[in-house]
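Notes follow the structure.
The values are calculated or read from the model by the stated rules, or taken from the named source; none is laboratory data. Since we're looking at a predicted model, the values are computed, not measured. We place every Cβ from the backbone using ideal geometry, glycine too, and count neighbours over all the protein chains shown.
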Amino acid sequence: MNNMTNEHARYQVKKGGWSIVETLMVASLVAILASIAIVVVNPVARLSVTRNAERWSHVNIIANEVVPPLSAEEMKGASLLGAVPVELCRSTVAPSECEREQLFVVKQYGRTLPVDPLSQGNGTGYALSRDTLGRIVVSALLAEDGDAITMLR
């Protein structure tokens with residue numbers, strides 16, 4: 001009987017937990033996969049792309065809803081606009097804190113102007129200017145990642 005137990009014991013596999021080498025290999029693999037996931041997802045870049053998409057939408061609203069309702073006579077009132085972009089003032093700011101051409105557009109619009117996600121102070125982060133042909137250019141001043149967000153009207 002004792003002889004049979006020894007034979008049986010010789011073929012039994014040792015039962016135990018994970019070895020240190022196995023644990024380190026799994027931890028290394030998890031670290032490598034996590035670093036790849038962070039590089040691929042890159043949340044900072046995704047946020048800037050999202051904010052730029054919002055800026056495109058705002059520039060479109062300003063170009064298509066703020067500028068077109070102005071008559072030719074009213075457009076002459078904005079003749080102070082030149083090649084240098086002039087930032088639009090927030091609709092909630094007192095008139096004394098804005099420049100003349102900014103007030104002109106705000107008064108004509110009649111509702112709250114869109115504001116850039118990163119804009120601070122009295123400005124909206126969007127500007128009006130004129131190109132060499134006299135057309136009004138609406139632009140986002142705070143565009144990220146080197147994008148130029150502009151629209152002609």
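Scanning the stretch 24-49 for residues that are of a type in the set (S, T, Y) and loosely packed, with under 11 Cβ neighbours inside 10 Å gives S28, S35.
Residues in the stretch 111-138 that are surrounded by 20 or more Cβ atoms within 10 Å (Cβ to Cβ), in a strand (DSSP E or B) and out of contact with any Phe, Trp or Tyr (no Cβ under 7 Å at 6 or more places or on another chain): G123, T124, G125, Y126, A127, L128, I136.
Among helices (runs of 4 or more DSSP H) entirely within the stretch 1-104, having at least 1 residues that are at pLDDT 70 or above and either on the phi > 0 side of the Ramachandran plot or among the β-branched types (V, I, T) (or both) singles out 20-41, 43-61.
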